[in-house]
1. For ILE34, are the conditions met, namely being of a type outside the set (S, T, N, Q) and closer than 22 Å to VAL107 by Cα?
2. For segment 96-129, give me the residue count where each residue is farther than 19 Å from LYS5 by Cα and among the charged types (D, E, K, R).
3. Any idea how many residues of segment 32-80 are aromatic (Phe, Trp, Tyr) and without any contact (Cβ under 8 Å) to a residue 60 or more places away in the chain?
4. Exactly one condition in (1) outside any strand (DSSP E or B); (2) buried (at least 18 other Cβ atoms within 10 Å of the Cβ) is not met by ARG76; state its number.
5. Name the one entry in LYS138, LYS57 that is assigned to a loop (DSSP other than H, G, I, E, B), of a type in the set (Lys, Arg) and within 28 Å of ASN153 (Cα to Cα).
6. Of everything in segment 10-63 that's surrounded by fewer than 13 Cβ atoms within 10 Å (Cβ to Cβ) and in contact with a strand residue (DSSP E or B) (Cβ under 7 Å, 6 or more places away or on another chain), which residue is nearest to THR90 (Cα to Cα)?
7. Is at least one residue of segment 89-111 β-branched (Val, Ile, Thr), within 15 Å of PHE37 (Cα to Cα), at pLDDT below 95 and under 17 Å from the mean Cα position of the chain (by Cα)?
Amino acid sequence: MTKLKIGDKVPTFEAITQNGNIVTNDSINGRRAILYFYPKDNTSGCTLEAKSMRDGKAELAAKGYEIFGISPDSQRSHQNFCAKHELNFTLLSDTEKKMAEAFGVWVEKKMYGRTYMGIQRTTFIIGEDGTIEHIFDKVDTKNHYQQILDWHNATK
């Protein structure tokens, strides 16, 4: 499994949005993007993170960022998640976990003595040139947009 680093180019990917559109690595070139991987729609931590991104979208957009949330959930699940929580940004469906594997976030996890494969909650900040500018692997789900904004303000 690849472990991406700051300065690496974004891996090649193609995914479907909650609205049925296709997003690829080429389609995000030329703009700044936040690619945040999360385990599952409508779970407590994932909902807190999505609401944080929703609430901070305007501030992040003012800094030039477009938000993409990615999970293994289906397009239909994403539609319901967006409707239920009034999400105002794009969710990408990665049902085959190809993006998660390419970004190195499909990992072995352990809980209650059980070992299984799952998403390691991680956010990648992508520059206009398609390189990774920052990686958040310790995500504060409730305040994630502020975490990103604080990093941006400290570095830009």
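The values are calculated or read from the model by the stated rules, or taken from the named source; none is laboratory data. In this text, all values refer to a predicted model and were calculated from it rather than measured experimentally. Virtual Cβ from ideal backbone geometry, glycine too; neighbours counted across all protein chains shown.
1. yes
2. Residues flagged as farther than 19 Å from LYS5 by Cα and among the charged types (D, E, K, R) within segment 96-129 amount to 6.
3. Residues meeting the conditions: 1.
4. The one condition ARG76 does not meet is (2).
5. LYS138
6. My answer is ILE22.
7. The answer is yes; a qualifying residue exists.
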